[in-house]
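The values are calculated or read from the model by the stated rules, or taken from the named source; none is laboratory data. Keep in mind it's a predicted model, so treat the numbers as computed, not measured. What goes into the accessible areas is simple: the full protein's heavy atoms, side chains included, and nothing from ligands, DNA or RNA. Shrake-Rupley method; radii C 1.70, N 1.55, O 1.52, S 1.80 Å.
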Amino acid sequence: MSHECYSCVMTIPLAAPAARPARLASSRASRPRGLYDLSLAELETRMPELGAPTYRARQIWGWAYRQLVPDYAAMANLPAALRDTLAADLPISVLEPVRTLTADDGETIKALYRTRDGQLLETVLMLYPDRATVCVSCQVGCAVGCAFCATGLMGLARNLSAGEMAAQVVDAARHARARGRQLTNVVIMGMGEPLQNFAETMRFIGIIHDPAGLDIGARRITVSTSGIVPKIDALAEEPLQLNLAVSLHAPNDDLRSSLVPINRRYPIAVLMDAVDRYTAKTGRRVSFEYALMRGINDSDAIARELGALLQGRLCHVNLIPLNPVEVLPYERPDAAGIARFVATLREAGIPTTVRYSRGLDIDAACGQLRAKEEAVRAAS
Ligand code: SAH
Ligand code: SF4
(Lines give C-alpha, C1' and ligand atoms only; values in the text may rest on other atoms or scores of the structure.)
(Ligands and ions follow the chains in the order given, each with its own letter.)
Protein backbone atom coordinates (compact mmCIF):
# COMPACT_ATOMS: atom_id res chain seq x y z
CA MET A 1 0.00 0.00 0.00
CA SER A 2 1.05 3.58 -0.13
CA HIS A 3 0.54 6.53 2.10
CA GLU A 4 0.42 10.15 1.11
CA CYS A 5 1.85 12.44 3.68
CA TYR A 6 -0.39 15.46 3.95
CA SER A 7 2.58 17.73 3.99
CA CYS A 8 3.86 17.26 0.50
CA VAL A 9 1.72 14.72 -1.32
CA MET A 10 4.75 12.63 -1.94
CA THR A 11 3.70 9.03 -2.19
CA ILE A 12 5.58 7.00 0.33
CA PRO A 13 5.47 3.22 0.24
CA LEU A 14 4.73 1.92 3.69
CA ALA A 15 4.16 -1.32 5.46
CA ALA A 16 0.53 -1.91 6.40
CA PRO A 17 -0.37 0.40 9.29
CA ALA A 18 -1.02 -1.51 12.46
CA ALA A 19 -0.78 -0.95 16.17
CA ARG A 20 2.66 -2.20 17.12
CA PRO A 21 3.16 -1.66 20.81
CA ALA A 22 5.43 -4.70 21.15
CA ARG A 23 7.75 -3.56 18.37
CA LEU A 24 7.77 -0.05 19.72
CA ALA A 25 9.67 -0.94 22.83
CA SER A 26 12.12 -3.30 21.19
CA SER A 27 12.98 -1.06 18.25
CA ARG A 28 13.55 1.82 20.66
CA ALA A 29 15.87 -0.22 22.82
CA SER A 30 17.88 -1.63 19.93
CA ARG A 31 18.49 1.66 18.18
CA PRO A 32 22.06 2.78 18.68
CA ARG A 33 22.73 6.31 19.80
CA GLY A 34 24.54 8.20 17.10
CA LEU A 35 26.60 11.34 17.04
CA TYR A 36 23.60 13.57 16.33
CA ASP A 37 21.89 12.28 19.49
CA LEU A 38 24.47 13.82 21.77
CA SER A 39 24.81 17.31 23.12
CA LEU A 40 28.28 18.87 22.91
CA ALA A 41 28.71 18.38 26.66
CA GLU A 42 27.83 14.69 26.31
CA LEU A 43 30.26 14.31 23.44
CA GLU A 44 32.95 15.90 25.58
CA THR A 45 32.20 13.39 28.32
CA ARG A 46 32.52 10.54 25.80
CA MET A 47 35.99 11.57 24.65
CA PRO A 48 38.06 10.08 27.53
CA GLU A 49 36.07 6.83 27.18
CA LEU A 50 37.23 6.75 23.57
CA GLY A 51 40.79 7.48 24.60
CA ALA A 52 40.73 11.02 23.22
CA PRO A 53 41.20 14.41 24.85
CA THR A 54 38.07 16.46 25.56
CA TYR A 55 38.92 19.16 23.03
CA ARG A 56 38.36 16.69 20.20
CA ALA A 57 34.63 16.95 20.88
CA ARG A 58 34.52 20.54 19.66
CA GLN A 59 36.44 19.61 16.56
CA ILE A 60 34.01 16.80 15.81
CA TRP A 61 31.06 19.10 16.53
CA GLY A 62 32.43 21.69 14.10
CA TRP A 63 32.93 19.13 11.36
CA ALA A 64 29.46 17.68 11.91
CA TYR A 65 27.41 20.86 12.28
CA ARG A 66 29.44 23.61 10.64
CA GLN A 67 31.24 21.77 7.86
CA LEU A 68 28.27 19.37 7.60
CA VAL A 69 30.53 16.47 6.66
CA PRO A 70 28.67 13.18 6.23
CA ASP A 71 31.24 10.87 7.83
CA TYR A 72 34.21 10.75 10.16
CA ALA A 73 36.62 10.01 7.30
CA ALA A 74 36.31 13.65 6.25
CA MET A 75 37.34 14.97 9.69
CA ALA A 76 40.88 15.68 8.55
CA ASN A 77 42.39 16.89 11.83
CA LEU A 78 41.34 13.81 13.85
CA PRO A 79 43.75 10.89 14.27
CA ALA A 80 42.82 7.98 12.03
CA ALA A 81 42.40 5.64 15.00
CA LEU A 82 39.90 7.99 16.64
CA ARG A 83 37.97 8.30 13.40
CA ASP A 84 37.69 4.51 13.24
CA THR A 85 36.61 4.23 16.87
CA LEU A 86 34.02 6.94 16.40
CA ALA A 87 32.64 5.31 13.27
CA ALA A 88 32.17 2.08 15.19
CA ASP A 89 30.86 3.59 18.45
CA LEU A 90 28.91 6.63 17.41
CA PRO A 91 27.49 6.40 13.88
CA ILE A 92 26.76 9.61 12.01
CA SER A 93 24.47 8.38 9.27
CA VAL A 94 21.27 7.35 11.00
CA LEU A 95 19.10 8.20 7.99
CA GLU A 96 19.62 6.85 4.52
CA PRO A 97 18.37 9.15 1.76
CA VAL A 98 15.87 7.28 -0.38
CA ARG A 99 14.69 9.95 -2.76
CA THR A 100 14.86 13.71 -3.19
CA LEU A 101 12.27 15.69 -5.11
CA THR A 102 12.22 19.35 -5.99
CA ALA A 103 9.31 21.63 -6.74
CA ASP A 104 8.55 25.34 -7.02
CA ASP A 105 11.41 25.96 -9.44
CA GLY A 106 13.84 24.22 -7.15
CA GLU A 107 12.88 26.26 -4.11
CA THR A 108 11.25 23.33 -2.36
CA ILE A 109 13.32 20.25 -1.74
CA LYS A 110 11.68 17.20 -0.29
CA ALA A 111 13.69 14.33 1.01
CA LEU A 112 12.51 10.84 1.86
CA TYR A 113 14.69 8.91 4.31
CA ARG A 114 14.88 5.40 5.65
CA THR A 115 15.86 4.86 9.28
CA ARG A 116 18.19 2.07 10.35
CA ASP A 117 15.20 -0.06 11.27
CA GLY A 118 13.52 0.53 7.92
CA GLN A 119 11.01 3.26 8.78
CA LEU A 120 10.33 5.92 6.17
CA LEU A 121 10.03 9.58 6.94
CA GLU A 122 10.23 12.82 5.08
CA THR A 123 11.58 16.30 5.45
CA VAL A 124 10.91 19.41 3.41
CA LEU A 125 13.27 22.33 2.86
CA MET A 126 11.74 25.59 1.68
CA LEU A 127 13.93 28.34 0.24
CA TYR A 128 12.68 31.91 0.42
CA PRO A 129 14.47 35.09 -0.58
CA ASP A 130 15.24 35.95 3.04
CA ARG A 131 15.38 32.58 4.81
CA ALA A 132 15.52 28.83 4.42
CA THR A 133 13.16 26.73 6.51
CA VAL A 134 13.14 23.01 7.12
CA CYS A 135 9.99 21.14 8.16
CA VAL A 136 11.03 18.21 10.34
CA SER A 137 9.23 14.96 11.21
CA CYS A 138 9.33 13.96 14.88
CA GLN A 139 7.58 10.58 14.72
CA VAL A 140 6.89 7.88 12.17
CA GLY A 141 3.10 8.16 12.05
CA CYS A 142 1.13 9.74 14.88
CA ALA A 143 -1.12 8.47 17.65
CA VAL A 144 -3.42 11.51 17.78
CA GLY A 145 -5.38 10.43 14.70
CA CYS A 146 -6.86 13.70 13.45
CA ALA A 147 -9.73 12.95 11.08
CA PHE A 148 -8.30 14.79 8.06
CA CYS A 149 -4.60 13.93 8.43
CA ALA A 150 -2.83 11.26 6.42
CA THR A 151 -0.13 10.83 9.03
CA GLY A 152 -2.80 10.15 11.65
CA LEU A 153 -4.18 7.35 9.48
CA MET A 154 -0.99 5.39 10.00
CA GLY A 155 -1.18 5.25 13.75
CA LEU A 156 2.13 5.61 15.55
CA ALA A 157 4.97 3.38 14.37
CA ARG A 158 7.53 4.95 16.68
CA ASN A 159 9.05 8.12 18.00
CA LEU A 160 12.09 9.49 16.22
CA SER A 161 15.21 10.03 18.28
CA ALA A 162 16.78 13.46 18.69
CA GLY A 163 19.54 12.27 16.36
CA GLU A 164 17.08 11.23 13.69
CA MET A 165 15.52 14.68 13.89
CA ALA A 166 18.89 16.45 13.89
CA ALA A 167 19.98 14.34 10.90
CA GLN A 168 17.04 15.77 8.93
CA VAL A 169 18.16 19.30 9.78
CA VAL A 170 21.81 18.64 8.95
CA ASP A 171 20.87 17.16 5.59
CA ALA A 172 18.57 20.11 4.88
CA ALA A 173 21.46 22.43 5.77
CA ARG A 174 23.57 20.53 3.22
CA HIS A 175 20.90 20.91 0.54
CA ALA A 176 20.67 24.63 1.35
CA ARG A 177 24.44 25.06 1.23
CA ALA A 178 24.67 23.23 -2.08
CA ARG A 179 22.40 25.97 -3.40
CA GLY A 180 24.47 28.76 -1.89
CA ARG A 181 22.04 29.25 1.00
CA GLN A 182 22.12 28.92 4.75
CA LEU A 183 19.47 27.11 6.74
CA THR A 184 17.82 29.62 9.09
CA ASN A 185 14.50 28.24 10.42
CA VAL A 186 13.17 24.94 11.74
CA VAL A 187 9.50 24.02 12.05
CA ILE A 188 8.43 20.76 13.67
CA MET A 189 5.40 20.34 11.44
CA GLY A 190 6.17 17.19 9.54
CA MET A 191 4.93 13.77 10.53
CA GLY A 192 4.05 13.30 14.18
CA GLU A 193 3.10 15.13 17.37
CA PRO A 194 6.20 16.69 18.94
CA LEU A 195 4.66 17.08 22.38
CA GLN A 196 4.05 13.33 22.49
CA ASN A 197 7.76 12.86 21.91
CA PHE A 198 8.68 15.64 24.28
CA ALA A 199 12.04 14.60 25.71
CA GLU A 200 13.62 13.72 22.38
CA THR A 201 12.18 16.83 20.76
CA MET A 202 13.69 19.02 23.47
CA ARG A 203 17.00 17.21 23.20
CA PHE A 204 16.90 17.75 19.44
CA ILE A 205 16.17 21.46 19.86
CA GLY A 206 19.09 21.82 22.26
CA ILE A 207 21.40 20.22 19.70
CA ILE A 208 20.39 22.37 16.73
CA HIS A 209 20.37 25.49 18.90
CA ASP A 210 23.95 25.06 20.13
CA PRO A 211 25.96 28.11 19.01
CA ALA A 212 29.04 25.94 18.40
CA GLY A 213 27.08 24.04 15.76
CA LEU A 214 24.03 24.81 13.65
CA ASP A 215 23.19 27.75 15.91
CA ILE A 216 19.47 27.92 15.08
CA GLY A 217 18.02 30.64 17.32
CA ALA A 218 15.01 29.82 19.53
CA ARG A 219 12.95 32.42 17.70
CA ARG A 220 13.59 30.52 14.52
CA ILE A 221 12.30 27.23 15.89
CA THR A 222 8.58 26.42 15.92
CA VAL A 223 6.83 23.56 17.67
CA SER A 224 3.38 22.71 16.32
CA THR A 225 0.95 20.77 18.50
CA SER A 226 -2.56 19.38 18.38
CA GLY A 227 -2.90 20.55 22.00
CA ILE A 228 -1.18 18.32 24.55
CA VAL A 229 -1.89 20.67 27.44
CA PRO A 230 0.54 19.46 30.14
CA LYS A 231 3.35 19.58 27.61
CA ILE A 232 2.44 23.10 26.53
CA ASP A 233 3.01 24.03 30.17
CA ALA A 234 6.26 22.08 30.16
CA LEU A 235 7.33 23.90 27.01
CA ALA A 236 6.69 27.24 28.71
CA GLU A 237 9.12 26.18 31.45
CA GLU A 238 11.90 25.43 28.97
CA PRO A 239 14.76 27.91 28.98
CA LEU A 240 14.43 28.47 25.22
CA GLN A 241 11.48 30.58 24.20
CA LEU A 242 10.28 28.79 21.12
CA ASN A 243 7.45 29.66 18.78
CA LEU A 244 4.31 27.71 19.53
CA ALA A 245 1.77 26.80 16.86
CA VAL A 246 -1.50 25.24 18.03
CA SER A 247 -3.59 23.26 15.56
CA LEU A 248 -7.08 24.44 16.46
CA HIS A 249 -9.27 23.67 13.42
CA ALA A 250 -12.55 24.37 15.27
CA PRO A 251 -13.90 26.90 17.78
CA ASN A 252 -16.14 24.57 19.81
CA ASP A 253 -15.66 21.24 21.53
CA ASP A 254 -18.20 19.19 19.58
CA LEU A 255 -16.63 20.01 16.27
CA ARG A 256 -13.04 19.95 17.49
CA SER A 257 -13.45 16.59 19.20
CA SER A 258 -14.71 15.14 15.91
CA LEU A 259 -11.63 16.43 14.06
CA VAL A 260 -8.87 16.34 16.67
CA PRO A 261 -9.62 13.47 19.08
CA ILE A 262 -7.21 14.70 21.75
CA ASN A 263 -9.74 17.49 22.32
CA ARG A 264 -11.81 15.07 24.39
CA ARG A 265 -8.95 14.91 26.84
CA TYR A 266 -7.96 18.58 26.64
CA PRO A 267 -11.04 20.56 25.61
CA ILE A 268 -10.83 24.04 24.14
CA ALA A 269 -11.23 25.98 27.40
CA VAL A 270 -8.42 23.97 28.96
CA LEU A 271 -6.27 24.37 25.85
CA MET A 272 -6.86 28.12 25.74
CA ASP A 273 -5.87 28.45 29.38
CA ALA A 274 -2.61 26.68 28.58
CA VAL A 275 -2.03 28.92 25.57
CA ASP A 276 -2.68 31.97 27.76
CA ARG A 277 -0.19 30.70 30.32
CA TYR A 278 2.35 30.15 27.53
CA THR A 279 1.84 33.68 26.24
CA ALA A 280 2.02 35.18 29.72
CA LYS A 281 5.20 33.28 30.51
CA THR A 282 7.02 33.82 27.22
CA GLY A 283 5.48 37.00 25.81
CA ARG A 284 5.38 35.15 22.48
CA ARG A 285 2.49 35.40 20.08
CA VAL A 286 0.94 32.00 19.49
CA SER A 287 -0.05 30.91 16.03
CA PHE A 288 -3.31 28.98 15.54
CA GLU A 289 -3.44 26.68 12.57
CA TYR A 290 -6.82 26.08 11.00
CA ALA A 291 -7.28 23.62 8.15
CA LEU A 292 -10.36 24.85 6.29
CA MET A 293 -12.72 22.06 5.27
CA ARG A 294 -15.77 22.62 3.15
CA GLY A 295 -19.05 22.14 4.98
CA ILE A 296 -17.21 21.14 8.14
CA ASN A 297 -15.55 24.15 9.75
CA ASP A 298 -15.88 26.94 7.16
CA SER A 299 -19.28 28.57 7.78
CA ASP A 300 -19.76 32.25 8.63
CA ALA A 301 -21.16 31.27 12.02
CA ILE A 302 -18.07 29.22 12.80
CA ALA A 303 -15.80 32.04 11.63
CA ARG A 304 -17.61 34.39 14.04
CA GLU A 305 -17.36 31.84 16.83
CA LEU A 306 -13.63 31.50 16.16
CA GLY A 307 -13.22 35.26 16.15
CA ALA A 308 -14.98 35.50 19.51
CA LEU A 309 -12.86 32.71 20.97
CA LEU A 310 -9.59 34.34 19.96
CA GLN A 311 -10.50 37.96 20.62
CA GLY A 312 -8.15 39.67 23.03
CA ARG A 313 -5.49 36.97 22.69
CA LEU A 314 -1.95 37.63 21.51
CA CYS A 315 -2.26 35.39 18.49
CA HIS A 316 -2.40 34.95 14.79
CA VAL A 317 -4.48 32.57 12.67
CA ASN A 318 -3.08 30.68 9.74
CA LEU A 319 -5.77 29.28 7.49
CA ILE A 320 -4.67 26.31 5.46
CA PRO A 321 -7.17 25.32 2.78
CA LEU A 322 -7.31 21.58 3.36
CA ASN A 323 -4.96 19.43 1.39
CA PRO A 324 -7.37 16.57 0.70
CA VAL A 325 -6.25 13.06 1.53
CA GLU A 326 -7.30 10.47 -1.02
CA VAL A 327 -9.06 8.05 1.30
CA LEU A 328 -10.66 10.72 3.50
CA PRO A 329 -13.93 12.51 2.72
CA TYR A 330 -12.82 16.08 3.46
CA GLU A 331 -12.50 18.80 0.82
CA ARG A 332 -11.23 22.33 0.73
CA PRO A 333 -13.68 25.23 0.31
CA ASP A 334 -13.67 27.26 -2.89
CA ALA A 335 -11.85 30.59 -3.08
CA ALA A 336 -14.97 32.61 -2.24
CA GLY A 337 -15.61 30.51 0.85
CA ILE A 338 -12.04 30.96 2.02
CA ALA A 339 -12.17 34.72 1.39
CA ARG A 340 -15.39 35.00 3.40
CA PHE A 341 -13.89 33.15 6.32
CA VAL A 342 -10.80 35.36 6.29
CA ALA A 343 -12.89 38.53 6.09
CA THR A 344 -15.05 37.50 9.04
CA LEU A 345 -12.02 36.75 11.18
CA ARG A 346 -10.32 40.00 10.24
CA GLU A 347 -13.50 41.94 11.02
CA ALA A 348 -13.29 40.41 14.46
CA GLY A 349 -9.79 41.89 14.73
CA ILE A 350 -7.90 38.60 14.44
CA PRO A 351 -4.67 38.79 12.40
CA THR A 352 -5.20 36.13 9.74
CA THR A 353 -3.18 34.82 6.82
CA VAL A 354 -4.09 32.29 4.19
CA ARG A 355 -2.29 30.56 1.40
CA TYR A 356 -4.25 29.33 -1.56
CA SER A 357 -3.13 25.94 -2.70
CA ARG A 358 -2.76 25.39 -6.39
CA GLY A 359 -4.38 22.00 -6.79
CA LEU A 360 -3.22 18.59 -5.89
CA ASP A 361 0.06 18.47 -7.74
CA ILE A 362 3.33 18.55 -5.92
CA ASP A 363 3.54 22.33 -5.96
CA ALA A 364 0.20 22.72 -4.28
CA ALA A 365 1.22 20.59 -1.40
CA CYS A 366 4.37 22.56 -0.94
CA GLY A 367 2.25 25.67 -1.01
CA GLN A 368 0.45 24.27 1.98
CA LEU A 369 3.68 23.83 3.86
CA ARG A 370 4.71 27.30 2.92
CA ALA A 371 1.46 28.56 4.34
CA LYS A 372 2.25 26.97 7.65
CA GLU A 373 5.70 28.44 7.68
CA GLU A 374 4.38 31.84 6.67
CA ALA A 375 2.08 31.82 9.65
CA VAL A 376 4.88 30.82 11.91
CA ARG A 377 6.93 33.67 10.58
CA ALA A 378 4.09 36.11 10.99
CA ALA A 379 3.71 34.95 14.57
CA SER A 380 7.34 35.46 15.40
N1 SAH B 1 1.11 17.05 15.07
C2 SAH B 1 1.37 18.43 15.03
C3 SAH B 1 2.39 18.85 14.00
C4 SAH B 1 2.36 18.14 12.68
S5 SAH B 1 0.91 18.41 11.73
C6 SAH B 1 0.08 19.20 14.86
O7 SAH B 1 -0.95 18.60 14.61
O8 SAH B 1 0.12 20.42 15.02
C9 SAH B 1 1.22 20.05 11.11
C10 SAH B 1 -0.05 20.78 10.68
O11 SAH B 1 -0.61 20.21 9.48
C12 SAH B 1 -1.16 20.75 11.71
O13 SAH B 1 -1.75 22.02 11.86
C14 SAH B 1 -2.12 19.80 11.09
O15 SAH B 1 -3.41 19.93 11.61
C16 SAH B 1 -2.01 20.16 9.63
N17 SAH B 1 -2.60 19.18 8.71
C18 SAH B 1 -2.65 17.84 8.85
N19 SAH B 1 -3.28 17.29 7.81
C20 SAH B 1 -3.65 18.30 6.99
C21 SAH B 1 -4.34 18.35 5.74
N22 SAH B 1 -4.77 17.26 5.13
N23 SAH B 1 -4.53 19.57 5.19
C24 SAH B 1 -4.09 20.69 5.81
N25 SAH B 1 -3.42 20.70 6.97
C26 SAH B 1 -3.21 19.51 7.56
FE1 SF4 C 1 -1.68 14.66 11.98
FE2 SF4 C 1 -0.72 16.45 13.77
FE3 SF4 C 1 -3.12 15.28 14.13
FE4 SF4 C 1 -0.88 13.85 14.38
S5 SF4 C 1 -1.55 15.55 15.66
S6 SF4 C 1 -2.75 13.21 13.35
S7 SF4 C 1 0.39 14.76 12.77
S8 SF4 C 1 -2.53 16.66 12.46
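Tell me which residues come under 5 Å, amide H to amide H, from residue 352 once H is placed; ignore anything under 5 positions away on its chain.
317
Tell me, what % of the accessible area of region 212-268 is carbon and sulfur with a 1.4 angstrom probe?
45 percent
Can you list the HN-Hα couplings for region 264-276, worked out from phi with the Karplus curve (6.51, -1.76, 1.60; θ = phi - 60°), rounded to whole Hz and with x for Gly and Pro?
Whole-Hz 3J(HN,Hα) from phi for region 264-276: 5, 7, 10, x, 4, 4, 5, 5, 5, 4, 5, 4, 4.
Can I get the semi-axes of region 191-257's equivalent ellipsoid? Compute them from the C-alpha gyration tensor as square roots of 5 times the eigenvalues, in angstrom, largest first.
26, 11, 10
For residue 292, which sequence-distant residues (separation of 5 or more, or a different chain) have an amide H within less than 5 Å of its own amide H, given hydrogens modelled in the peptide plane?
320, 322
Roughly how compact is region 123-173, stated as its Cα Rg over 2.2 N^0.38 Å to two decimals?
Taking N as the residue count of region 123-173, the ratio is 1.33.
Given N residues in region 43-198, what is its alpha carbon radius of gyration divided by 2.2 N^0.38 Å?
That ratio works out to 1.14.
Per residue of region 291-300, in order, report the coupling 6.51 cos²θ - 1.76 cosθ + 1.60 (Karplus, θ = phi - 60°) as ³J(HN,Hα) in whole Hz, putting x for Gly and Pro.
With coefficients 6.51, -1.76 and 1.60, one gets 7, 7, 10, 4, x, 10, 9, 10, 6, 4 Hz.
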